[in-house]
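Single-structure report; data block below.
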Amino acid sequence: MPTRGFLRPTLAIVFALAASIPIYACSPEAASEIAMAPMSDMPSDVQAAPVAVRQAYQFAVANPDVVKGIPCYCGCGAEGHTSNYSCYIAGQDPDGSLRFDQHALGCSICVDITRDAMGMLGQGKTIPEIRAAIDQTYSRYGPSNMP
């Protein structure tokens with residue numbers, strides 16, 4: 001079989017490349033150690049979303065300084081978004097209640113950026129360190145929505 005000799009070196013290269021990619025994804029255990037807003041505070045469409053999306057919204061609400069300090073690279077700057085936080089929160093009413101943005105419900109780049117920030121915060125990274133890693137990882141997807 002001619003492909004058999006080719007398969008082993010190819011798999012070795014794939015595994016070597018995969019091992020070199022930093023992964024900051026947040027595990028459920030790490031999420032429990034980070035401040036998260038209660039799910040009961042989330043709108044029904046967020047409550048019905050996949051777990052990763054729900055956790056991203058919960059994190060954004062509970063950690064606005066972190067999420068406001070990092071950009072998004074999905075192209076949402078054209079929608080007026082000014083940080084990754086804007087993908088989740090459209091504003092705040094005079095009574096203090098949040099107006100949720102539905103953008104991140106359907107945007108995996110927004111959610112991935114937030115989940116990476118969650119993981120890095122759990123590792124003790126500072127906001128500037130998180131932003132540098134986000135910039136390095138996601139700038140290939142599009143323009144930043146932050147200066």
## Note on the structure
Filtering the stretch 90-118 down to residues that are among the small types (G, A, S), crowded, with 21+ Cβ neighbours inside 10 Å and farther than 13 Å from R131 by Cα yields A104
### Message
Report every pair of residues separated by at least 6 positions or lying on different chains whose Cβ atoms are under 7 Å apart, first residue within the stretch 56-74 and without any contact (Cβ under 8 Å) to a residue 24 or more places away in the chain and farther than 10 Å from C87 by Cβ, second polar (S, T, N, Q) and part of a loop (DSSP other than H, G, I, E, B).
### Response
K68/S83
### Message
I need every pair where a residue in the stretch 86-108 that is closer than 12 Å to A60 by Cβ has its Cβ under 6 Å from the Cβ of a residue that is aromatic (F, W, Y) and in a helix (DSSP H, G or I), sequence separation at least 6 or different chains.
### Response
Y88/Y57
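Listed here are the residues, each with its yes/no results for (1) of a type outside the set (A, V, I, L, M, F, W, C); (2) modelled with pLDDT of 90 or more; (3) within 26 Å of Y141 (Cα to Cα); (4) exposed (fewer than 10 other Cβ atoms within 10 Å of the Cβ).
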| position | (1), (2), (3), (4) |
| --- | --- |
| E29 | yes, no, no, yes |
| A48 | no, yes, no, no |
| E79 | yes, yes, yes, no |
| S83 | yes, yes, yes, no |
| Y88 | yes, yes, yes, no |
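The values are calculated or read from the model by the stated rules, or taken from the named source; none is laboratory data. Bear in mind the structure is a predicted one, so any value in this text is a computation, not a measurement. In this analysis, Cβ positions are derived from the backbone assuming ideal geometry, glycine residues included, and neighbour counts consider all displayed protein chains.
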